[in-house]
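Asks: Sharing a structure with you now.
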């Protein structure tokens, strides 16, 4: 039975989603998960998007210890039926993601990991990435990089990589359940510093497939991102 009153509808889970929302929000200057957008907290928009996707069977929210009760109450107020539990995260993203995967139902075939601060993930993106992960075992949405990128050392350009080969990776990133649990465990054992979950799988020599992302699927990190978020919301509400 779900913490919020829902029985699993199917033992063959489409995808169990871990929402990582345990960061300190230092660059935002205030707790971005609870910042209000269009009358709701940022995290509420994220969870409602997952709730509406038929590719998501259950959700585990990982957050800071001081927010566990607040976010649990928010899930109840929103009437979210897919949220299985809200748990305390760790000191790093890797630790938080790992703790979340341990709370996922044992019979989940796929586990996705999504940034709590990406409130505009679309159903189309979730369909593409979950379906690809079913086929390949590991997938993530990505968009082509538009700027020219320079690799530099000590403030001096070393080389300019071919922009056609560069992609900005988004979330949710979806994996075979045993694969991502094992990859995150290994990353923790090695004290690896990772900025996304694909990197944990890549460290094992495994391939990750990319699918088409969405430029609206932004991560809210700085105050400037909030202005962009409001523009996106205005466009959706028109």
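The values are calculated or read from the model by the stated rules, or taken from the named source; none is laboratory data. Every value quoted in this text rests on a predicted model; they were computed, and no experiment measured them. Here the Cβ is made from the backbone with ideal geometry for all residues, glycine too, and neighbour counts use every protein chain on show.
Asks: Is region 160-173 home to any residue that is out of contact with any strand residue (DSSP E or B) (no Cβ under 6 Å at 6 or more places or on another chain), touching a residue at least 40 places away in the same chain (Cβ under 8 Å) and under 16 Å from residue 112 (Cβ atoms)?
Replies: Within region 160-173, none of the residues are out of contact with any strand residue (DSSP E or B) (no Cβ under 6 Å at 6 or more places or on another chain), touching a residue at least 40 places away in the same chain (Cβ under 8 Å) and under 16 Å from residue 112 (Cβ atoms).
Listed here are the residues, each with its yes/no results for (1) over 23 Å from residue 189 (Cα atoms); (2) out of contact with any helix residue (DSSP H, G or I) (no Cβ under 8 Å at 6 or more places or on another chain).
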position: 73; (1), (2): yes, yes
position: 90; (1), (2): no, no
position: 93; (1), (2): no, yes
position: 111; (1), (2): no, no
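Asks: Yes or no: residue 189 more than 28 Å from residue 44 (Cα to Cα), modelled with pLDDT of 95 or more and out of contact with any helix residue (DSSP H, G or I) (no Cβ under 6 Å at 6 or more places or on another chain)?
Replies: Judged against the criteria, residue 189 is a match.
Asks: Now, a different point. Mind telling me which of the residues 179, 226, 210 ends up being assigned to a helix (DSSP H, G or I), farther than 21 Å from residue 22 by Cβ and touching a residue at least 40 places away in the same chain (Cβ under 8 Å)?
Replies: 179
Asks: Considering only region 68-85, how many residues are part of a loop (DSSP other than H, G, I, E, B) and surrounded by fewer than 18 Cβ atoms within 10 Å (Cβ to Cβ)?
Replies: 2
Asks: From the residues in region 48-63 that are in contact with a strand residue (DSSP E or B) (Cβ under 7 Å, 6 or more places away or on another chain) and not in a strand (DSSP E or B), which one is nearest to residue 217 (Cα to Cα)?
Replies: By that ranking, first place goes to 50.
Asks: Considering each residue of region 31-66, count those that are over 13 Å from residue 117 (Cα atoms), in contact with a helix residue (DSSP H, G or I) (Cβ under 7 Å, 6 or more places away or on another chain) and modelled with pLDDT of 95 or more, and give that number.
Replies: Counting residues in region 31-66 that are over 13 Å from residue 117 (Cα atoms), in contact with a helix residue (DSSP H, G or I) (Cβ under 7 Å, 6 or more places away or on another chain) and modelled with pLDDT of 95 or more gives 6.
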